[in-house]
Every structure is written in C-alpha cells, then in structure tokens.
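Here's the structure, in structure tokens; my notes come after.
The values are calculated or read from the model by the stated rules, or taken from the named source; none is laboratory data. Keep in mind that this is a model prediction, so the values were computed, not measured. Virtual Cβ from ideal backbone geometry, glycine too; neighbours counted across all protein chains shown.
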Amino acid sequence: MARVLTIDPAECTSCRLCEMACSSAHTGQFRPSRANVRVAIYPDDAIYFPVVCMQCDDAPCMAVCPSAALVRDAETNAVLVIDNRCVGCRICSLACPFGAISYWDGKARKCDLCGGSPECVTFCPTDALTFPAVEKSTTAARQAFADRLRDTLKEVTAS
Amino acid sequence: MNAYAGKVARVNLSRGKITTEKLDSKLARAFIGGRGLASKILSDEVGAAIDPLAAANKLIFSAGPLTGTAAPTGGRWMVVTKGALTDTIASSNAGGDFGPELKYAGYDMVIVEGAAKTPVMLVIDDGALELCPADKLWGQDCHVTEDKLHEQLGSDFKFASIGQAGENLVRFASIMNDKNRAAGRSGVGAVMGSKKLKAIAVRGSGGVTVADPKAFRKTCLDLLATLASVEVTSQGLPRLGTASLMNVVNACGALPTRNFRESQFESAATISGEAIAEKILVRNRACVACPIGCGRVTSVKNGKYGGKGEGPEYEAVWSLGADVGVGDLQAVAKANFICNEMGMDPISAGSTVACAMELFEEGVIGESQTGCNLRFGNAEALVELMSDIGNRRGFGDVLAEGGARMAQKFGRPELFMGSKKQEFPAYDARGAVGMGLQYATSNRGGCHVRGYMTGPELLGGPPALDPRSPKGKAEVNIGLQNVTAALDSAGLCLFSSFALAGTELPDLLRAATGFDYEPAEVVAAGDRIWNLERLFNLGSGYTHKDDTLPKRLLSEPAPGGPAKGMTVPLDQMLPEYYRLRGWDDKGRPTKKKLSELGL
C-alpha cells in the first residue's frame with residue numbers, strides 16, 4: 001500500500017531540519033534555498049509548518065506539462081521529474097496549488113519521496129512530517145481533530 | 001572549503017570600505033570557528049587595553065563550521081568584541097536564523113572596524129555587500145527595525161540589529177536577531193551602537209558542504225536519537241523551557257533573591273516554567289536545526305503589562321523576578337519584552353535594578369534620585385525603569401552603566417553582585433560552590449554558560465558532585481570551560497551537552513571539516529581558546545585579584561534554606577584551578593603552557 005507524506009502544522013517547531021535533510025539528500029549540500037520542502041514561518045503569529053508536494057492523485061502539474069516530463073512512480077506514488085524530458089518551462093510551478101515545484105539549473109525540481117524513504121521524515125524531530133499508509137493519513141488527522149474537540153468540550157463542560 | 005564558507009567580510013565603517021578575505025584553514029583548525037576563531041582575530045588585531053567604545057575596537061560576527069548544517073542544535077553564532085560592560089573579551093552567543101543565513105550568503109565571519117559618522121546598516125545579499133544609510137531606523141526598537149527592513153528588502157532577509165539601548169550605549173545592550181534571539185551579554189550592543197551600525201541584513205542562497213556526508217548524517221541521526229531520549233532535552237526543555245529550573249534551583253536553596261540577600265524566593269512558583277506554560281505560553285519555537293525547541297513564544301493579553309514576544313527565559317525570570325523580589329509573572333514578562341524590543345540584556349538590567357533597590361533600602365539613595373519608591377518588589381517601578389534604561393532617561397541613565405559602576409558611584413561597591421563588572425546570573429554560589437569558582441574565573445565576568453557547574457552540582461551530572469563541597473570542582477570546571485569553548489566555536493548550542501556522552505562533537509567536526517580531529521585535539525582547542533581569552537583580559541589590565549567574588553558570597557553566610565550558613569570557600573578552589581590550568585600563582589599562563597597550546 002502506498003504511503004503519503006503527511007503534515008501536522010501543530011507539531012512543527014520551525015527547526016527546518018527537513019530543509020537541511022532534503023537539500024543534503026538531493027544536492028549534496030545543506031542548502032535550504034534548494035530544498036523541496038520549505039517551512040513557512042510566521043513568527044509574529046507563532047505559526048509554522050512545512051510546505052511540500054502532496055503528490056496529488058489528479059496532479060495539475062502532470063496535466064499541464066507540455067513535454068510529459070512529470071510521471072507517476074508506480075511503486076511510491078510520487079510524481080517524478082524526468083530530467084531529460086523537462087524543457088524548463090516552469091508551467092508546472094504555476095499550476096501547482098501549493099507552490100511546491102521550484103526550478104533551478106534549468107529543470108523543474110520537486111519532492112520525489114526519496115524513492116520511498118523521505119529523508120525529511122527521518123530528520124523531523126517531532127511528528128510534523130510523517131509518512132503513514134494512505135488510509136491512516138486521513139484517519140490520523142480526524143482522530144487528532146476529535147481529540148482536540150474533546151479537550152475543548154471537557155473544558156467547556158467543566159467551567 | 002568543507003563546512004566553512006571559506007570567506008571573511010571586512011567592513012571598515014570609518015572609510016566605508018568593504019573587502020573580502022579567504023579564511024585561513026590552519027587557524028580554522030586550531031580555533032575551530034565561531035567564538036574561538038573570532039577571539040584569535042580580535043586578539044591579533046586589537047590592543048587589549050583600548051576603550052571598548054572607541055573606533056579602534058572591532059566587532060566580529062562569527063558562525064561555526066557546524067552552523068547551517070543539520071548538526072542538531074547547530075544553528076548558533078557568536079558576537080566577539082571587547083565588552084562595553086566588562087572591559088574583558090566578550091563573546092555572546094545567539095540562535096535563530098541569522099547565523100546559518102550568513103553561511104548561506106557565503107561568509108563565516110563579518111569583521112566590523114572603525115565607526116561611521118551617521119547611522120548605517122550593512123546589507124549582505126549573497127556575494128554582494130553594501131553599506132546603506134540607516135538614519136530612518138535610528139531610534140526604532142529591534143522589532144520595528146526588522147519589520148521595516150522586511151518591507152524594504154524582502155521577507156527572506158534575516159537581521160541582527162540594535163535597539164535604543166545599543167544606540168544610547170547602555171553598557172549591557174544586546175544585539176538582537178530574528179526579533180527575539182539575543183547575543184545578550186557583556187555589552188556587545190553598545191559596541192555596535194558606538195560604531196553607528198544599526199543592523200546587518202543578510203540573505204543567502206548558497207549551501208554548506210561537508211567532507212564526509214555519510215558519516216556526518218549518521219552522527220547527526222545518532223545525536224538526534226540521544227536528544228530525543230534524554231529527559232532534559234526531550235521533556236523538560238520542550239515542555240517548560242529553561243524556566244523549568246526555577247522550582248528546581250529554588251528547592252536547592254541556590255536561587256538568589258533580592259540582590260542575593262537570600263537564596264530562596266517565596267514566590268518562585270508564580271514565575272516558574274510551569275506558571276509560564278499555564279499562563280502566557282502560546283507555542284514553542286526552535287532555532288535552526290534544533291530538535292529541542294525550548295523557545296517560548298508568549299503573550300500577555302491586555303492590561304497594563306500587555307504585550308507579546310518570546311520568553312522570559314530562566315535567567316530573565318530570575319533577574320526581573322526573584323532578584324528584584326517581584327512575583328508578578330505578567331510584570332516580569334513585560335519587563336522582558338521591553339528588554340528584547342529595546343535590545344538589552346535582561347540579566348544585567350534586572351540585577352542592576354536589584355542592586356539599586358538594595359541601595360535604596362539601605363538609605364544610600366533616595367526617591368529624589370530614583371524618582372520612585374524603589375523598594376524590592378515594586379513591579380511597576382521595574383517595568384517603568386526598563387524603558388528609562390534603554391532611553392537613558394532620568395535614573396535610568398545611572399542604571400544604564402551597570403551594577404559595578406553604579407555601586408561604585410554611590411560608595412558601596414560591595415553591593416554589586418557580579419564579577420569583572422558583569423552581573424551574575426541566576427545561581428547563588430553559596431548553595432553550589434563550584435559555580436562560585438566559575439563566576440570568579442569566567443573570562444567574560446559573571447556568567448554560567450562558560451562552564452555550567454549547575455549540571456554536576458544541582459542536576460545530577462555527569463559527574464554528580466556535592467554542591468556544598470569545594471572538592472574536585474576545579475578539575476570539573478576546567479573541563480566544562482574547555483568543552484564549552486569548543487562547542488561555542490563549532491556552532492552547537494550548549495544544550496546539546498546534555499546529550500553529548502562521548503565523541504559526538506569531534507565526530508561531527510571531523511566529518512564536516514575533513515580535518516582528522518581526535519577528541520583530544522578538540523578539547524585542546526577549547527583549552528587554547530580559554531587561554532587566549534585569559535591573555536586578552538590580562539592585557540586589558542585584569543589580574544588574579546579580580547578572580548574573586550563579592551564579599552557577600554565569600555563571608556556572609558546564606559541566611560536560610562538548604563544552603564543556610566554556607567559561604568563560598570573560593571580560596572580552597574582557586575589555587576588548584578590555577579595549578580591545573582598550568583598557570584602561575586598570579587593566574588598567568590606559564591610559558592610552558594602557552595607553548596604546549598601553540599600560543
């Protein structure tokens with residue numbers, strides 16, 4: 001069963017180890033500007049969370065690519081960039097609703113799930129990034145929401 | 001170069017000239033980077049006897065070889081200069097995003113020389129460096145400065161800046177980065193103010209390469225696993241922040257209270273980490289590459305103490321709380337917010353107010369001078385005085401000189417609780433005597449983070465030591481001082497040391513830099529850095545007579561609590577400390593020691 005990269009904004013502390021891990025795995029350097037996962041940080045609001053490709057089932061990037069450079073990996077379900085087909089037009093970046101496709105050295109760059117073992121998940125010290133089986137990814141969020149609601153209700157009924 | 005950016009920017013503000021130099025790899029190996037390498041450069045280029053606020057002083061912003069990598073807690077950087085508060089060599093450490101960004105922009109270090117005639121800021125945009133006018137920012141606090149610069153330059157820039165305190169040469173002004181991170185101590189912000197440098201803005205798109213990525217990755221993951229299993233770094237600090245210490249240290253009878261008159265505070269619980277978590281904590285915030293994430297994003301809603309920001313950290317909740325006899329958490333938080341905004345060190349700010357409160361209660365100074373009833377516990381006066389200090393307004397102008405100069409001025413120097421003109425942090429050494437040795441020997445004056453004896457004395461080690469006994473303290477203190485000098489130079493946070501059991505630091509440095517560091521070489525580098533700093537201070541005019549403590553700690557027994565009746569038997573530790581350091585009986589490094597260290 002395919003696994004999916006799952007984000008829990010409540011767990012993120014803004015440490016950016018995901019950016020370090022990703023850029024190191026893909027470029028051989030600790031270089032956040034070339035990481036496929038970036039942490040959005042709003043310091044004044046104390047809000048931070050990783051932004052990364054969601055590997056959409058009906059992926060707009062694949063649909064708009066004029067050179068069929070984006071393909072679905074049968075095993076990991078990741079959308080991959082085939083470098084020698086990519087013409088560097090960046091239309092995929094525009095189409096992506098998450099802004100999760102970047103561009104450097106003439107090619108589109110995006111999360112490839114590290115071939116099925118995402119390095120960002122390995123380094124994430126909290127559970128802000130996890131890699132559960134696809135059906136668990138939604139039930140976990142539902143459960144987390146239910147837990148939070150229960151806590152709130154308990155507080156309300158107690159006061 | 002591996003791990004290093006390999007370049008140093010030199011900015012001469014008097015001439016408005018910027019040059020770039022190559023990093024010397026031999027020196028990098030011997031002094032690691034960060035604190036060590038910058039101290040070497042300062043020692044070589046600046047006469048130790050200069051006035052710290054003169055244009056001849058230099059101000060060095062310095063990242064370590066691990067800064068900007070995935071090394072856990074490796075987002076740290078240092079400011080090194082001659083301290084405006086202490087007249088010692090000063091090195092202040094900060095976290096946040098600024099240090100890594102400097103590396104990504106292509107620089108290990110920025111050396112600021114001379115002084116500008118009118119306010120300027122330095123903009124580093126990858127390889128491009130430019131000095132720009134900063135007249136419009138002068139007078140603004142650090143938060144407003146960052147907001148305006150974000151609008152002007154772009155949201156992906158990171159900043160280090162001074163607020164009003166640095167501009168007004170408050171002796172304990174800090175340099176703030178990423179709004180609430182501070183290179184806090186010894187008056188580095190006043191030096192920046194004396195140079196009329198308002199801010200450094202930096203943006204970098206480059207990266208940091210390591211020599212052996214596979215070995216580096218493994219050590220990083222091992223250290224992450226250890227940090228996730230050690231109680232302090234996986235539970236205590238994330239849950240309660242550094243203020244988790246408040247109740248612990250108070251229970252040990254080592255919490256200085258009302259300018260060290262007592263060593264336990266009756267309202268400790270109301271300003272503890274637990275109270276912060278319950279009343280004002282919004283969320284945690286981590287520095288770059290840190291799995292601990294002890295930062296406290298906090299908010300006080302409404303009321304006269306309303307505000308938001310980060311902290312207070314343990315030291316601040318003590319200096320602005322127990323030490324001034326204030327148990328109102330909202331007031332303490334507000335005073336701390338003001339320190340962050342105006343850019344000043346809350347430890348020295350609070351302690352100086354505490355000293356003034358004792359002078360007031362002793363009748364040495366009166367309301368005609370202070371402008372308020374400055375008794376211990378006056379929370380409103382405390383908060384009011386914070387902005388008066390930052391603006392050097394009224395009695396704030398006197399406080400802005402720091403406790404040592406103020407107590408001297410009023411003829412009661414013994415009431416200053418610090419050493420080498422720097423106020424002590426939050427541990428009463430009468431309840432933990434090894435910290436007394438640390439205070440007396442610290443190269444930047446009163447300081448805990450140059451050799452954190454609280455670990456062995458109060459937190460169970462390793463090694464666990466009896467806090468009341470002077471036995472074995474010299475050796476452990478020297479070991480901690482050396483290792484800390486190496487950590488500060490590498491770019492790791494001191495809190496990583498709660499999880500460092502063996503060779504992690506040399507392993508990380510070896511894999512990152514490619515230098516074939518043995519563990520002993522890294523410790524020797526720490527020893528070298530410590531001795532270098534000592535030589536600077538001797539050159540500045542300090543002698544063994546200054547390796548001492550206030551009379552209160554040496555001869556006034558703690559009045560109550562677990563440390564009741566205790567004083568610090570410094571004379572039973574200091575000679576052994578000198579001997580083990582390889583110094584003569586006047587505290588001077590011997591020729592033999594210096595030649596061993598290659599100094």
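Here is how the numbers come out for the structure above:
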quantity	calculated
Residues (part of a helix (DSSP H, G or I), buried (at least 22 other Cβ atoms within 10 Å of the Cβ) and aliphatic (A, V, I, L, M)) located in segment B:1-48	B:A28, B:L37, B:A38, B:L42
Qualifying residues in segment B:297-330 (those that are among the charged types (D, E, K, R) and under 23 Å from B:F265 (Cα atoms)) - the one surrounded by the most Cβ atoms within 10 Å (Cβ to Cβ)	B:D323
Entirely in segment B:137-189, the strands (runs of 3 or more DSSP E) that have 1 or more residues that are crowded, with 21+ Cβ neighbours inside 10 Å and of a type in the set (S, T, N, Q)	B:158-161, B:175-177
Verdict on A:L129 being within 14 Å of another protein chain (Cβ to nearest Cβ) and under 22 Å from A:C12 (Cβ atoms)	yes
Residue within segment B:284-299 that is farther than 29 Å from B:A160 by Cβ and not aliphatic (A, V, I, L, M) present	no
All positions within segment B:190-232 that are among the polar types (S, T, N, Q) and either modelled with pLDDT under 95 or under 26 Å from B:S497 (Cα atoms) (or both)	B:T209, B:T219, B:T226, B:S229
Hits in segment A:12-31 - residues which are crowded, with 24+ Cβ neighbours inside 10 Å, within 16 Å of A:P118 (Cα to Cα) and more than 7 Å from chain B (Cβ to nearest Cβ)	A:C18, A:E19, A:C22
Pair list, Cβ < 9 Å and 6+ apart or interchain, from segment B:201-215 residues that are more than 8 Å from chain A (Cβ to nearest Cβ) to residues that are hydroxyl-bearing (S, T, Y)	B:A201/B:S161; B:V202/B:Y104; B:V202/B:Y107; B:R203/B:Y104; B:A211/B:T513
Complete set of residues in segment B:518-541 that are without any contact (Cβ under 8 Å) to a residue 24 or more places away in the chain and not in a helix (DSSP H, G or I)	B:E518
Residue in segment B:555-569 that is buried (at least 16 other Cβ atoms within 10 Å of the Cβ), within 22 Å of B:G541 (Cβ to Cβ) and of a type outside the set (S, T, Y) present	no
Residue within segment B:396-403 that is without any contact (Cβ under 8 Å) to a residue 12 or more places away in the chain, acidic (D, E) and closer than 22 Å to B:G83 by Cβ present	yes
Residue among A:T76, A:T138, A:T152 that alone is free of Cβ contacts under 8 Å to residues at least 12 places away in the same chain and surrounded by 12 or more Cβ atoms within 10 Å (Cβ to Cβ)	A:T138
Some residue of segment A:42-61 being at the interface with chain B (Cβ under 9 Å from one of its Cβ atoms), over 11 Å from the mean Cα position of the chain (by Cα) and under 18 Å from A:P118 (Cα atoms)	no
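Residues are listed down the side, and each one gets a yes or a no for (1) out of contact with any Asp or Glu (no Cβ under 9 Å at 6 or more places or on another chain); (2) among the small types (G, A, S):
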| site | (1), (2) |
| --- | --- |
| B:A520 | yes, yes |
| B:A525 | yes, yes |
| B:I529 | no, no |
| B:F536 | yes, no |
| B:T548 | yes, no |
| B:L554 | no, no |
